[in-house]
Each structure stands twice: as C-alpha cells, then as structure tokens.
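Just so it is clear, none of the values below were taken in a lab; they were calculated from the coordinates. Because the structure is a prediction, the values reported are computed rather than measured. Don't worry about glycine lacking a Cβ; one is built from the backbone with ideal geometry, like all the others, and counts go over all protein chains shown.
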Amino acid sequence: MLQHILGQAQDWPPEHVFRRLLELAALEDTDWENNLGLCFQHGYGTPQNYQRAVELFSRAARGGSATAQFNLGGMYYEGWGVEKNLDRAVEWYTRSAQQREELALLQLGSMYQKGIGVEVDLARARTLYSIAYRLGSSRAATHLGFLFRRGLGVEQNNVLAYQLFREAVVRADTPNITDNRSYRGTAFYWLGYMTEHGEGVERNLREARKWYEEGAVCEQRLCVEAVARLSEKQKPRHTRR
C-alpha cells in the first residue's frame, strides 16, 4: 500500500487505495494508520488534510510505529497541521531513531550537525549517521563523506570521504524508502569535485567529468554547471597562423 501512496506503483487508482486503507486503519493497526495518514498528508485519493494526517500519525506513533514517529516529527518540524515545534520534532525523531528508522537517524543527525532545534553536537551527528550507515544506508554514506571531507567532528580524511561518496552511489537504496535523487546527485558532485582537484584520489579531469555527468542526470545543479564548464575548457582552440 505504501508504494502506491509514494507513487511507486500505479496498479490501483488512488481512490481505491484510500478506501482500502480507510477500512484497514479501522482495525487500529499502526502500519495502516500511518499509511492512511500519508494519504491525508499528500492528498492521495482524498483531499489534503494535514490535521487528519497528524491525528493518524499520532495514534500510530503512540502505538510504537517508528515510521509514524518519524512522520509526526516531520509535521512538527514543518508546522503542517500543528504549530511548528522543533522540541516536539526532536522528541519524535529521537523515538523513531531509537528504533533504528533510517530517515529519522539522518534527520536527527542533520539537526545536531546544523544546530536546528538543538545545540550543535557533531559527535552525536556522526554517531547517528554511523548507525544508519551500518544498517546499509547509502544516504548516511553521503552525510559521513561530507563530515570527513570537511573535518567536522572528525579528523579530516579525503581518502575516506571519497570512498564514502563512492559507496553512496554504488549502494542500493534502502528498500521501501522512496529514491531520493538529490542524495545521489550530491555524492556524484563531490566525487567529481574531488577527482577534478585531486582530493583523496588522483586528479583526472576525464573521470571527474563522468562523475559530474552522472550527477547532471540527477538534475544536480552544480553538476550541470561543472559539465558545462569542463566542456568549454575542453573545446579545441583554433590559433591563427
């Protein structure tokens, strides 16, 4: 059902999915309540209704659903259907992360990294990213790569950063989570940048351009600009005799 809500399958009309979830959620199953909440959040098969989504996420979150806890945290983070409240967002993201929910680990890690709703704590950010990484998260590899390249809370290590960015584009996305091309695009950009400038890997403009081109396919703006820049550089220069 969740795949239908996230637009990954089109076998059933949205209205049919919504009606079926409405029946299943009445059984007070947290997964169905969460999925029905997604329908209301995104206006899938029913008019968008953030307040109703919050009600359903809250019920499922209190019932122990890690995914619903993450979704409820997101509603408080954005102020959708409730008053924006970063303290409550952190509370629910934390409860979800304690159950090893990948997206909660990453979101909470990002908040500690940037000081959003909490004091900056780079060590905690790294720990949260590392837990997600050990669970197989390609997104976490991108976050960790950035920390090691910049030396944020860790000793700077360009070789390790490059390896992590490479893992981020090689690892398969976590099952049941919608592919986020922005993560891959970011990893492709840093692979291109580091290869172009010889950071953590031998400098190679041809290889750098290949990485940038992969990122451009993901519509990563900096990659698109880098491809255009390198293309201009590599144009043959005509000289007068």
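Of note:
- Residue satisfying all of: in segment 35-52; more than 21 Å from the chain's Cα centre (by Cα), of a type outside the set (Ser, Thr, Tyr) and assigned to a helix (DSSP H, G or I); nearest to ARG100 (Cα to Cα) among these: LEU36
- Filtered residues of segment 74-94 (kept if outside any helix (DSSP H, G or I) and touching a residue at least 12 places away in the same chain (Cβ under 8 Å)): TRP80, GLY81, VAL82
- Against the list (1) buried (at least 23 other Cβ atoms within 10 Å of the Cβ); (2) over 18 Å from LEU164 (Cβ atoms), the condition GLU219 fails is (1).
- Pairs are defined by a Cβ separation below 6 Å, a sequence spacing of at least 6 or placement on different chains, a first member in segment 29-42 that is farther than 11 Å from ARG59 by Cβ, and a second member that is outside any helix (DSSP H, G or I) and β-branched (Val, Ile, Thr); the pairs so defined are CYS39/THR46.
- Residues being more than 23 Å from the chain's Cα centre (by Cα) and buried (at least 20 other Cβ atoms within 10 Å of the Cβ) are entirely absent from segment 177-193.
- ALA141 being within 14 Å of the chain's Cα centre (by Cα) and surrounded by 15 or more Cβ atoms within 10 Å (Cβ to Cβ): yes
- For segment 100-118, a residue qualifies if it is closer than 20 Å to ASN34 by Cβ and exposed (fewer than 15 other Cβ atoms within 10 Å of the Cβ), and exactly one does: ARG100.
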